[in-house]
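A.B. asks: This is the structure I want to talk about, given as structure tokens.
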Amino acid sequence: MNDLLNILWHYFQTKYLRRFRNRSELLVWQDERVRDFLAYIVPKSPFYNKYYGGLGLQDWQTLPTIDKTVMMANFDVLNTVGIKKSEAFAIAEQAERSRDFNCNLHGFTVGLSSGTSGNRGLFLVSKKERLAWAGAILAKGLPKPILAKQSIAFFLRANSNLYETVNSRRIQFKYFDLFQPVENHIAELNRYAPDILVASPSMLRLLADATLMGELRISPLKIVAVAEVLDLLDEAYISQVFGQIVHQIYQCTEGFLASTCQYGTLHLNEDLMVIQKEYLDRDAGKFMPIITDFNRQTQPIIRYRLDDILTECRSPCACGSVLTAISSVEGRKDDIFYLPNQTGEKLVPFFPDFIRRAIIIASSEIAEYMVIQKSPNLMEISLKVSKGLRTEIEMKVTRSLEDLFARSHCQIPQILYSEYQPKTQPYQKLRRVKREFDFNPS
């Protein structure tokens, strides 16, 4: 009962009580929260105590940043509960092998990131933090009030005590394992008839396919995309089949970063954490987030820089929220394309969003696609299109990309085409735009 009351408290705090009249009021509130948090938590973390030794914590906005590499290298002395990385990895990997996720370590929930960047991240969450997360995500994600009965179907690579926390008599949560073929889930989904369907865009596409074929017969009140970049092409298809807005939850190992409002606009959860902006292109509103989560004490997240690229909305959202509106989460910094300029003296960057849009606007006949930059002078593009239209559409895509590159005064790379091949494993994250050669612009 105490757990439920805790969840309800955080739910009402997030949904009704934590309101800000303007950005200035929000920033003042954040500053007070961070100052109190740092004064309490930094002495408890040997890593941060040494890392910020001699620096004024009152000027927290300019403290040195960390990233996943630094966090994982210092995991044993960064967390405040004395848990070793080796034992946390061991229990998390055992859970993934056995597919039994009802485990914890000394009372703390342990989880692993998917490791799409080649560096798997660990997270530790206390029971108190788990209940706070549950209250916040229910406040931002439920289509109906918390006391109304509603059911959630969640497609994930791995389950966690974190997700199971939302289970109650009124809110039912059912985990669907991505390691199982999608056809194995159809009958259970039809029986369960979820009010809320949460899955990656690539899984939502498969479920949309099953709906069109008459195999899947559910009418969820809300569709939520997670885990992968929501490409405009996928969003349009899923929205059309299910007849509703595709909402998003932007969450990673480092925290619950953003969620959509009733208009489908993604807003940063600045009422739960501070998210500073390291601009990659200020004019285009593209930045990497730097997170300070003043609620996490077990594994403190302080001035933590993500490699994700986010794009700000250019106009205010109709919902009126003072929380920053995001037009897209583009993917990782590592997926920025680089092409030689006309003289070949330097490489010019192209954000993944530019590549996506050039592909999509080329033809409405493109059902799916993938673009891989193999080298500065070679791109491979796979397209799912009608056989009779392939040559014509490939020419349109080439012209669209050539126009993009020409406007940026770049050399035109060689472009090779192939038939689109869907993912062979549903638990693998779909990346429609990616770069496969190493390049450090600095």
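A.B. asks: Looking only at the stretch 168-204, which residues are crowded, with 21+ Cβ neighbours inside 10 Å and either assigned to a helix (DSSP H, G or I) or of a type in the set (G, A, S) (or both)?
C.D. replies: Scanning the stretch 168-204 gives H185, L189, A199, S200, P201, S202, M203, L204.
A.B. asks: Residue by residue through the stretch 169-197, note down the ones that are of a type in the set (S, T, N, Q) and closer than 25 Å to I245 by Cα.
C.D. replies: Answer for the stretch 169-197, where residues must be of a type in the set (S, T, N, Q) and closer than 25 Å to I245 by Cα: Q172, N190.
A.B. asks: May I ask you to verify whether I249 is of a type outside the set (D, E, K, R), open to solvent by 10 Å² or more (accessible area, probe 1.4 Å) and assigned to a loop (DSSP other than H, G, I, E, B)?
C.D. replies: no
A.B. asks: What is the residue count in the stretch 19-33 for residues that are of a type in the set (A, V, I, L, M, F, W, C) and free of Cβ contacts under 8 Å to residues at least 60 places away in the same chain?
C.D. replies: 3
A.B. asks: Checking the structure you have, find out if any residue of the stretch 262-279 is surrounded by fewer than 18 Cβ atoms within 10 Å (Cβ to Cβ), of a type in the set (D, E) and either at positive phi or outside any helix (DSSP H, G or I) (or both).
C.D. replies: Yes; the residues of the stretch 262-279 include at least one that is surrounded by fewer than 18 Cβ atoms within 10 Å (Cβ to Cβ), of a type in the set (D, E) and either at positive phi or outside any helix (DSSP H, G or I) (or both).
A.B. asks: Here's something else I'd like to know. Restricting to the stretch 50-74, and then to whatever is in contact (Cβ under 8 Å) with a residue 60 or more places away in the chain and of a type in the set (A, V, I, L, M, F, W, C), can you tell me which residue is farthest from R332 (Cα to Cα)?
C.D. replies: W60
A.B. asks: Let me ask something else. Could you tell me which of the residues I415, I393 is closer than 20 Å to E365 by Cα, assigned to a strand (DSSP E or B) and among the hydrophobic types (A, V, I, L, M, F, W, C)?
C.D. replies: I415
A.B. asks: To continue, here is another question. Given (1) farther than 25 Å from T14 by Cβ; (2) surrounded by 14 or more Cβ atoms within 10 Å (Cβ to Cβ); (3) at pLDDT below 90; (4) touching a helix residue (DSSP H, G or I) at 6+ places or on another chain (Cβ under 9 Å), identify the lone condition not met by G111.
C.D. replies: Unmet for G111, out of (1) farther than 25 Å from T14 by Cβ; (2) surrounded by 14 or more Cβ atoms within 10 Å (Cβ to Cβ); (3) at pLDDT below 90; (4) touching a helix residue (DSSP H, G or I) at 6+ places or on another chain (Cβ under 9 Å): (1).
A.B. asks: Another one. Could you grab me the full set of residues in the stretch 368-386 that are open to solvent by 20 Å² or more (accessible area, probe 1.4 Å), in contact (Cβ under 8 Å) with a residue 60 or more places away in the chain and not hydroxyl-bearing (S, T, Y)?
C.D. replies: E368, M370, I372, K374, P376
A.B. asks: Name the pairs: first residue in the stretch 332-357 and of a type in the set (V, I, T), second residue part of a loop (DSSP other than H, G, I, E, B), Cβ to Cβ under 7 Å, at least 6 apart or on different chains?
C.D. replies: Filtered contacts from the stretch 332-357: I336/F351; V348/S408.
A.B. asks: Separate question: Only one of these conditions is not met by D353: (1) surrounded by 15 or more Cβ atoms within 10 Å (Cβ to Cβ); (2) at pLDDT below 90; (3) of a type outside the set (A, V, I, L, M, F, W, C); (4) not in a helix (DSSP H, G or I). Which number is it?
C.D. replies: (4)
A.B. asks: Let me ask you something else. Could you name every one of the helices (runs of 4 or more DSSP H) located completely within the stretch 1-52 that has at least 2 residues being more than 26 Å from the chain's Cα centre (by Cα) and under 21 Å from E270 (Cβ atoms)?
C.D. replies: 23-41
A.B. asks: Taking into account only those residues within the stretch 307-331 that are in contact (Cβ under 8 Å) with a residue 60 or more places away in the chain and farther than 22 Å from E235 by Cβ, which is farthest from the chain's Cα centre (by Cα)?
C.D. replies: V322
A.B. asks: Still on this structure: Can you work out which of the residues in the stretch 392-419 that are within 13 Å of Y338 (Cα to Cα) and polar (S, T, N, Q) is surrounded by the fewest Cβ atoms within 10 Å (Cβ to Cβ)?
C.D. replies: Restricting to residues being within 13 Å of Y338 (Cα to Cα) and polar (S, T, N, Q), the top hit is S408.
A.B. asks: Could you check the stretch 300-310 and list, in sequence order, the residues that are modelled with pLDDT of 95 or more and either among the polar types (S, T, N, Q) or part of a loop (DSSP other than H, G, I, E, B) (or both)?
C.D. replies: Scanning the stretch 300-310 gives a single hit, P300.
A.B. asks: Do you know which of the residues in the stretch 53-95 that are over 25 Å from the mean Cα position of the chain (by Cα) and of a type in the set (D, E) is nearest to G107 (Cα to Cα)?
C.D. replies: This residue is E87.
A.B. asks: Go through the stretch 206-232 and report how many residues are open to solvent by less than 20 Å² (accessible area, probe 1.4 Å), in contact with a strand residue (DSSP E or B) (Cβ under 9 Å, 6 or more places away or on another chain) and assigned to a helix (DSSP H, G or I).
C.D. replies: Total meeting the criteria: 1.
A.B. asks: Of the residues S321, S363, which is under 25 Å from R305 (Cα atoms) and open to solvent by less than 60 Å² (accessible area, probe 1.4 Å)?
C.D. replies: S321
A.B. asks: Failed condition for A284, given (1) at pLDDT below 95; (2) under 12 Å from the mean Cα position of the chain (by Cα); (3) of a type in the set (A, V, I, L, M, F, W, C), with all others met?
C.D. replies: Condition not satisfied by A284: (2).
A.B. asks: Right, another one. Restricting the stretch 49-79 to residues that are small (G, A, S) and farther than 16 Å from V34 by Cα, which is surrounded by the most Cβ atoms within 10 Å (Cβ to Cβ)?
C.D. replies: For the stretch 49-79, the residue satisfying everything is A73.
A.B. asks: Turning to a different aspect of this structure: For residues that are within 16 Å of K434 (Cβ to Cβ) and of a type in the set (V, I, T), scanning just the stretch 356-386, find the one that is farthest from the chain's Cα centre (by Cα).
C.D. replies: I381
A.B. asks: Something else about it: Quick one: how many residues across the stretch 176-193 are among the hydrophobic types (A, V, I, L, M, F, W, C) and in contact (Cβ under 8 Å) with a residue 60 or more places away in the chain?
C.D. replies: Total satisfying the criteria: 3.
The values are calculated or read from the model by the stated rules, or taken from the named source; none is laboratory data. Here the structure is a predicted model, which is why all the values come from computation and not from measurement. With ideal geometry, Cβ positions are generated from the backbone for all residues, glycine too; neighbour counts draw on all protein chains shown. For accessibility, only protein heavy atoms count, side chains too; no ligands or nucleic acids. Shrake-Rupley method; radii C 1.70, N 1.55, O 1.52, S 1.80 Å.
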